[in-house]
Amino acid sequence: MEKLIIASNNAGKIQELKEMTANHFVVVSMQEAGFLEDIVEDGHTFLQNAQIKARVIFAKTHCATLSDDSGLCVDALGGEPGVYSARYAKDHDNDANIQAVLDKMQGVKDRRAKFVCAMCYIDKQGKEYALVGESFGEIAKARRGHNGFGYDSIFVSQDLGVTFAEANFLQKKSVSHRARAFEKLKQVWGINPQ
């Protein structure tokens, strides 16, 4: 099977993508591929950040590369945290980031939100594909559930009626922003949707 480098160091994200691609590629993380450099993600959109990561890794490895950039966009906060989701209050501190959203949403009636996932796939020939998936819901008033990662405990899925952190892996996988982007990617790969 062909090697596919996942352009991330986020353990939760890598695990999700490994489970989604395991039957089709030998999936390795950036670290497993020997890529230890920091990549500056200074794009203004999720897609720009995904493209930055994929292009840098492909240029160094010439292996098929899959990157994604994803985050939470809250309507009442003008789309925040957006591309700053991982560092909204404090860099990669889930608790602080979640609390910052909850604090800003106190007393706010319009709680609509969405998760967005932009993927950039570069095949071993260097052809680039851009795919975006979204999952809609609203912000809970308090954390609920213990599964998942990131903002999952405060995102009530419109499809499931529970937070992503209350859902099990299969439930979340069926409706998540990442799964929806991945379904589009499977069409690029010629893999029939399940």
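Just so you know, all these numbers are worked out from the coordinates, no wet-lab data involved. Keep in mind it's a predicted model, so treat the numbers as computed, not measured. Here the Cβ positions follow ideal geometry from the backbone for every residue, glycine too, while neighbour counts run over all protein chains shown.
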Size of electric dipole in the chain: Cβ of Lys, Arg +1 and of Asp, Glu -1, about Cα centre, debye, nearest 20: 340
Which label marks the calculated value of percent of Cα pairs over 23 Å apart, given the options (1) 38; (2) 41; (3) 44? (2)
Can you give the FRET efficiency for Phe136 and Asn168, using 1/(1 + (r/R0)^6), R0 = 22 Å, r = Cβ-Cβ distance, to the nearest 0.05? 0.65
Can you tell me how much longer the chain between Asp38 and Arg111 gets when fully stretched, taken as 0.36 nm per residue apart minus their C-alpha distance, in nm with one decimal? 22.8 nm
What distance in nm separates the two pseudo spin-label positions at Tyr129 and Arg144, each 7 Å out from Cα along the beta-carbon direction? 3.6
Protection-proxy order for peptides 45-53, 7-15, each taking the mean of Cβ atoms within 10 Å per residue, highest first: 45-53, 7-15
If amide hydrogens are placed 1.01 Å from N in the peptide plane, which non-local residues have theirs closer than 5 Å to the one on Ser29? Ile6
Order by protection proxy (mean Cβ within 10 Å, highest first), peptides 64-76, 80-92: 64-76, 80-92
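Taking a 31 Å limit on the Cα-Cα distance, which of the listed pairs Lys60/Lys104; Lys127/Lys173; Lys141/Lys184; Lys18/Lys109; Lys53/Lys186; Lys104/Lys184 fall beyond it? Before the final figure, lay out each step's value.
Numbers: Lys60/Lys104 41 Å; Lys127/Lys173 27 Å; Lys141/Lys184 33 Å; Lys18/Lys109 38 Å; Lys53/Lys186 20 Å; Lys104/Lys184 34 Å.
Too far apart for the 31 Å limit: Lys60/Lys104; Lys141/Lys184; Lys18/Lys109; Lys104/Lys184.
Add -39500 (n - 2.57) for each DSSP H run of 4 or more in the chain, then divide by its residues: what number comes out at 222 nm, to the nearest 500 deg cm²/dmol? Intermediate values should be presented prior to the final figure.
Values: 5 runs with 58 residues, N = 194.
-9000 deg cm²/dmol, from helical runs alone.
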Residue by residue through the range 133-143, which ³J(HN,Hα) values in whole Hz follow from phi under the Karplus form 6.51 cos²θ - 1.76 cosθ + 1.60 (θ = phi - 60°), with glycine and proline marked x? x, 10, 9, 9, x, 8, 8, 5, 7, 8, 5
